[in-house]
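What follows is one structure encoded as structure tokens, with my remarks underneath.
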Amino acid sequence: MNAWKRDLESRRVTEDRSNMSSPHLRIYPHRDEPERTARPEPNMTMKISDLFPILAEAYRGDYLWVEDFADDKVMVTSDLYELVHAFAKCRPSA
């Protein structure tokens, strides 16, 4: 291979390498537990028949936002509370 072909080849390789720059990656620090901010007081009502299918699908799909609200409390009527409490006690274990 003569000199000008070698020079041309080395330039092409150099240009190819310069176009193959490494991807720009961002590194985010890991936070063990995000600080809890004050949450607004509940002020909305929903029917359980509207809420349950959405929560069930999100739970099965392992959506992260479900964990965000896992410690939130919901107000239920006393008869629903008793029914859920009794069901939890007598349902078959997995």
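Values in this text are rule-based calculations from the coordinates and carry no lab data. All values derive from a computational prediction rather than experimental measurement. Methodologically, a virtual Cβ is constructed for each residue, glycine included, from the backbone with ideal geometry; neighbour enumeration extends over all protein chains shown.
Worth pointing out:
- What the Cβ-Cβ distance of Phe87 and Lys47 gives, at R0 = 22 Å and to the nearest 0.05, is a FRET efficiency of 0.70.
- Dipole in debye (nearest 20) - the stretch 44-94, about Cα centre, beta carbon charges: Lys, Arg +1; Asp, Glu -1: 260
- Compactness index (Cα Rg / 2.2 N^0.38 Å), the stretch 44-94: 1.30
- Potential extension, Leu55-Val76 segment - 0.36 nm per residue separation minus Cα distance: 6.0 nm
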